[in-house]
Amino acid sequence: MNKKTFEELGLSPEILKAISDLGFEEPSPIQASAIPVLLEGHDVVGQSQTGSGKTAAFAIPAIEICQAADRSVQVLILCPTRELATQVADEVHKLTAHKRGIHAVPIYGGASYERQFFELKKGVQIVIGTPGRLMDHMDRGTLDLSHVKMVILDEADRMLDMGFREDIEKILLSTPDERQTVFFSATVSKQIRELIERHSNTPKSVKIEQRELTVPTVEQWYYEVPQRMKFEALLRLVDFHGFKLGIIFCNTQRMVDELADDLIAQGFSADRLHGGIAQAQRTRVMNKFKKAEFEFLVATDVAARGIDVDELELVVNYDLPYDAEDYVHRIGRTGRAGRKGMSVTFVSGRDIYKLQFIERFTRMKIRRGTLPTAGEVEERRVEGLLDRIREVLNRGNLSTRVTDRLLEEGFNSTDIASAVIEMLAGPEVAPEKEKDHSPKPTVRSQPDLPAGNIRQPARGMLWVRLNAGRETGITPRDIMSLLEEGLGLPRRTVGLIDILPGESLAQVPKQFLDILRTGAREIDTNSGPVMVSLVPYNAKGKSGEDTGKGKFPKKAKRER
Ligand code: ADP
Ligand code: MG
């Protein structure tokens, strides 16, 4: 079956714009099937699994049929709980963002009557509410349903389970007979059948069957991580396991762009694929990834279709997919050709219910993982380094020319070895304590660079140097606020931070650094002045600019 695009569904430009703002790339199956039937004016009974995008399936046509010039209630959406009403209202608000004069209001118990009354009196076309509170407003005469063109019962089965049958019937009876009636439900029981028969007019059934799927053998893990901690969680897992080739899935184009930029700012080689990128560029990125020319591909489902990379070690669901089938397609990219693969899924908030659904759907165990602590990550790094050193030691046959000269100069062998290790692995970082769970910049040592040589900054970034180093006790947080306040940087623009003996380095987007081009600046802090200067990046004798050539120079590749 050829998948339809949102454009092909014949939607208004305002809705298409809102859909693209939401980052939806293509309609989900229930959306592709239900939207046209609803736009034709039919009554509909829609059935599809949780998380398959039913809200937009009914909300989009509901918004399209509203007349902005008419301030009476034209669409009524019934939801079983206050929580669901809020979620639906949020999505409706986003979808109406570019529709001038179309207003929606949620009406549920527990919120103030006055406020709801005020909103209703101003005039809204779309009311989203729980049956109980809607009844209250009807009884008080503050809700007039005589101009309603469409009634939607979302999660009809749950509403009946909760005992709303009578309320629902009363509400339906106070709307015009010629209205369109829409039922969405995960299951259609006998009770719902009866309700449908009594209150709708030759409804069309739109049902998305779940296909049986063969699930690949992949070690599946999930981590409960709040949205704002996801990036830190990703860094830890990648560092801990030493992953070198993976796909990271996000649900929206915007999220893909943000994450790819963040990864690059942290020194990873990463690139992106989504529907907003021109096809020629997508093909280029895809081919590079197949040749493992960069480490992490950040992508949406649509764009990553057809990617086939045998060595892929890791699939990350940075956002939980909205569809269980997408989950299976995503994780199926790893663990191919008998290789072992791992999938990591981040869940936050109510995602956990969707995940349980996916588990049932795939009949596979997705194990709960706990994130490695910063200390454990560091420990792993040290172990990896020890392994590499042991390997070289065991191979034997080492030249002692350089060592002998240093010994002659009077350095002892312990100091020499430590110096070399520091050059290799960066300064040993004391294991961080697990206390502060707010987002914080991650301090990365730079294993591939000897001290004194500064690697190419991430794209669009430049290094700045601060004359305050580790011995001053300066923290990444201090550096961030010092630069933000002292140089007038927007918040959260500071990238990679490296605290070294005697100095610190930080990456900053170059458009904010004109202020330093004429020379260093002194910034006052509570513990005295700090000099901040631009670091000339001299790979090609150029000063302070990345060359723009070779997006992922070998040099910037992290060695782990
Ligand atoms: P359901 O009501 O079927 O359980 P929802 O309408 O709550 O599912 O949608 C689940 C999630 O999927 C939501 O976060 C929603 O924003 C997202 N979503 C819906 N449609 C799309 C789409 N076409 N593309 C990407 N994400 C979508
Ligand atoms: Mg729903």
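The values are calculated or read from the model by the stated rules, or taken from the named source; none is laboratory data. All of these numbers come straight from a predicted model, not from anything done at the bench. Note that we place each Cβ from the backbone using ideal geometry, even for glycine, and neighbour counts take in every protein chain shown. To get the accessible areas, we keep the full protein, side chains included, count just its heavy atoms, and leave off ligands, DNA and RNA. Shrake-Rupley method; radii C 1.70, N 1.55, O 1.52, S 1.80 Å.
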Taking a crude spin-label model, label points 7 Å out from Cα along the C-beta direction, the W221 to F117 distance in nm is 5.6
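What number comes out for accessible area per residue over segment 383-425 if the probe is 1.4 Å? Units Å², please.
On the way: 3620 Å² over 43 residues.
The answer is 84 Å² per residue.
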By its C-alpha gyration tensor, with a ≥ b ≥ c as the square roots of the eigenvalues, how is segment 219-368 shaped: rounded for a/c under 1.5, else prolate for a/b larger than b/c, else oblate? rounded
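Take the chain, mark every one of the GluC sites (Glu not before Pro) that falls in a DSSP loop and has at most 15 other Cβ within 10 Å, then report the longest stretch left between them, sites excluded.
Numbers: sites that count: E40, E178, E209, E212, E293, E311, E409, E428, E432, E434, E545, E559.
The longest uninterrupted stretch comes out as 41-177.
Specify whether the C-alpha gyration tensor of the chain places it in the rounded, prolate or oblate class, a ≥ b ≥ c being the square roots of the eigenvalues: rounded for a/c under 1.5, otherwise prolate if a/b is larger than b/c and oblate if not. Present the calculation step by step, with values, prior to reporting the outcome.
On the way: a/c = 2.64, a/b = 2.03, b/c = 1.30.
Verdict is prolate for the chain.
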A 25 angstrom limit on the alpha carbon distance is what I want to check against. Which of K17/K121; K99/K121; K54/K354; K288/K354 exceed it? K17/K121; K288/K354
Quick check for me: using +1 on Lys/Arg Cβ and -1 on Asp/Glu Cβ, what's the dipole size of the chain about its Cα centre, in debye to the nearest 20? 1120
Segment 268-274 - phi-based ³J(HN,Hα) in whole Hz, Karplus 6.51/-1.76/1.60, Gly and Pro as x: 7, 9, 8, 9, 9, 9, 7
When the helices in the chain are scored as -39500 (n - 2.57) per DSSP H run of 4 or longer and the sum is shared across all residues, what 222 nm value do you end up with, to the nearest 500 deg cm²/dmol? -11000 deg cm²/dmol
Using a 1.4 Å probe over the heavy atoms of the protein chains, calculate the carbon and sulfur portion of the accessible area of the chain as a whole percent. 50
Using the basic label-point model (7 angstrom from Cα toward the beta carbon), what is the I523 to N394 distance in nanometres? 4.7
Env charge @ D524, Cβ radius under 15 Å, K,R +1 / D,E -1, value -3
Once amide H atoms are built 1.01 Å from N in the peptide plane, which residues 5 or more positions from H103, or in another chain, come under 5 Å H to H? Q125, I126
So, in Å, what gap is there between the alpha-carbon centers of segment 369-419 and segment 83-107? 59
Check which residues have an amide H placed less than 5 Å from L462's amide H, if you skip close sequence neighbours. V508, K510
Does segment 383-425 come out rounded, prolate or oblate by the C-alpha gyration tensor, with a ≥ b ≥ c the root eigenvalues, rounded set by a/c under 1.5 and, if not, prolate when a/b is larger than b/c and oblate if not? oblate
Note down the nm distance, to one decimal, between modelled labels 7 Å out along Cα→Cβ at R401 and at R198. 9.5
Radius 15 Å from Cβ of R401, net charge of other residues (Lys, Arg +1; Asp, Glu -1): -2
Taking K and R as +1 and D and E as -1, what net charge do the other residues with C-beta under 13 Å from the C-beta of F411 add up to? -3
Accessible area of D514, 1.4 Å probe, to the nearest 10 Å²? 100
